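Worksheet for the structure shown next.
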Amino acid sequence: MKRFSVVIPAYNAGPAIERTVRSAVNQQRTISRDDFEVIVVDNNSKDQTAHFAELGGADKVVKEFQKGTNFARNRGYLESQGEIVCFLDADCIAPDDWLWKIGRVFNDLKVQACGGPYDYGFHGLKAAADVVYTRAVFPFVIGLLSIIKGTAILIGGNFAVRRSAIEKIGGIPLVTYWGDDALVATLVRRMVGKVRFVSNLNVKSSHDRFDDKGFFRLAIGYARAFFRVWKGVPRHPKREDIPGIIERIFKAPLNK
């Protein structure tokens, strides 16, 4: 068994996926290549995503026909062998020591999942605001909410979970966008154990999503989705109750 599996869900990622895959393969600069595998899940793309993923050096490229990032993540998990399953989005670039840092976090056996922020490459005031939010406001709010009602946060394109923890929550929850990552974090925190948000575990990501939808509109959308999950998941959920919990929370999806 590998120590790490890197799962990259991708939909119509085109040539850009090659850079993402190469950044995952380049983890061999800080840890042994034998310790990890790279799996790309083509989420029924209409372009040459699979071809470019292979060019980047992916160990395995599989297809998931059901649209949705968590459907692709779960397929990657099922295809993987690693003790720690790491998720990287198709528009992200991981630094060479990404898996090395994740490994250090998981040396604490109480930690069941961890994640970090995106580096969007902002400039000027946006860059300053992003640093303050990511390194101060965000961790403080999550810590406070965890005390009130055990919770945690993971950012979908940059997180890792122990395989045993994923098994205990019944796999990656099969829900669509807006709250998919928050649900993983909250279920692991309330059903299994400790979830850490690590401020220096960052990956580079495109800021196109902010350009398309607006910085504040997108931030509010993420916050609404998080609080919906935070409120909707019981403090001590049971595995057999998860489908019903998902139905209650996501029966009226937020508009994308």
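Per DSSP H run of at least 4 residues, take -39500 (n - 2.57); add these up for the chain, divide by its residues and hand me the 222 nm value, nearest 500 deg cm²/dmol. About -12500 deg cm²/dmol.
So in the chain, what percent of DSSP beta bridges are antiparallel if you round to the nearest 5?
Details: 10 of 31 bridges.
Around 30 percent of the beta bridges assigned by DSSP in the chain are antiparallel ones.
For 101, 168, the sequence from fewest to most other C-beta atoms within 10 Å is 168, 101. Here r is the Cβ-Cβ distance between residue 168 and residue 136 and R0 is 41 Å; the resulting FRET efficiency, rounded to 0.05, is 0.80. Number of Lys-Lys pairs in region 4-250 with C-alpha atoms under 18 Å apart and a separation of 8 or more places or on different chains: 15. Our note on the geometry: Cα centres of region 82-124 and region 54-78, 18 Å apart.
Please tell me the relative contact order of the chain in percent, rounded to the nearest whole number, where contacts are Cα pairs under 8 Å and at least six residues apart.
On the way: 499 pairs, mean separation 53.6, N = 256.
21 percent.
For the residues 236, 123, 207, a GNM of the chain with alpha-carbon springs under 10 Å puts the largest fluctuation on 123.
Read-outs throughout are calculated quantities, based only on the coordinates presented, and are distinct from any laboratory measurement. Quantities reported herein were computed from a predicted structural model and do not represent experimental measurements. Positions of Cβ are backbone-derived with ideal geometry, glycine not excepted, and every protein chain shown enters the neighbour counts.
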